[in-house]
Amino acid sequence: MKPQDLIAGKSSLWIFGYGSLVWKPDFKYKRNHVGFIRGYKRRFWHGDTFHRGSDDMPGRVVTLLEEDDACTWGVAFEVTGSQIEESLAYLNIREAVRGGYGTRMVEFIPLDENQPSVQALVYIATEDNPTYLGPASVEEIATQILVCKGKTGYNIEYLLRLAEFMRKSCPGVDDAHLFSIETACLNIYFAAKKV
């Protein structure tokens, strides 16, 4: 389903980011909240041949996989009025066209308990995407991330910024997959420096 179909007739839309959107939304918004969605886990299983990699060396970026007991932390952005069309036009190029992501509506629960939960649009890359890479060991993913670079920058920057967001904005939340890949990348990097 196209994002435009999901939001037809709405004057306000929430967009949930769980990857680079958490630090670099690049669209105007009214307000934002840190929080989480249930039923999904974040994994570095999607290939990126534009932003953080190339056709020859695809980078690894995150997507979401359904899992009943899981939750994924990120940021929801509220866009209103003309911001809706502008943000979707931008995201359809950034996420859908270049990234191969489709869309769904999910319930977003803010960290601030005084804020109500809202329905939010989220972009998800699935296994049927041609650049979907799937599972690999932590070491394989870390090694791939260390050597890849795309038009937006180095793949390692993407990983480190996402880990930094989790530590600063979601204290006490253990994203084991993310933090294990960060640790593996740093270990490989510093081991290579000693040689």
Subject >> Residue under evaluation GLY102, criteria (1) open to solvent by 30 Å² or more (accessible area, probe 1.4 Å); (2) within 17 Å of TRP23 (Cα to Cα); (3) under 14 Å from the mean Cα position of the chain (by Cα), criterion not met >> reply: (2)
**OP:** Evaluate the range 30-40: report whether one residue or more is in contact with a Lys or Arg (Cβ under 6 Å, 6 or more places away or on another chain) and either within 18 Å of CYS148 (Cβ to Cβ) or not charged (D, E, K, R) (or both).
**Re:** no
**OP:** Please determine, by comparing only the residues of the range 111-147 that are part of a strand (DSSP E or B) and surrounded by fewer than 18 Cβ atoms within 10 Å (Cβ to Cβ), which one is modelled with the highest pLDDT.
**Re:** GLN119
Subject >> Enumeration of residues in the range 9-63 that are of a type in the set (Asp, Glu) and either in contact with an Asp or Glu (Cβ under 6 Å, 6 or more places away or on another chain) or crowded, with 22+ Cβ neighbours inside 10 Å (or both) >> reply: ASP48
Original post:
Which of the residues belonging to the range 157-175 are open to solvent by less than 60 Å² (accessible area, probe 1.4 Å), part of a helix (DSSP H, G or I) and more than 12 Å from PHE44 (Cα to Cα)?
Top reply: ALA163, PHE165, MET166, SER169
**OP:** Assess whether THR80 counts as being within 23 Å of GLU107 (Cα to Cα) and surrounded by fewer than 22 Cβ atoms within 10 Å (Cβ to Cβ).
**Re:** yes
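The values are calculated or read from the model by the stated rules, or taken from the named source; none is laboratory data. What you see is a predicted model, and the numbers here were worked out from it, not measured in a lab. All Cβ positions, glycine included, derive from the backbone under ideal geometry; neighbour counts span all protein chains shown. Keep in mind that these areas ignore ligands, DNA and RNA; they rest on the heavy atoms of the full protein, side chains included. Shrake-Rupley method; radii C 1.70, N 1.55, O 1.52, S 1.80 Å.
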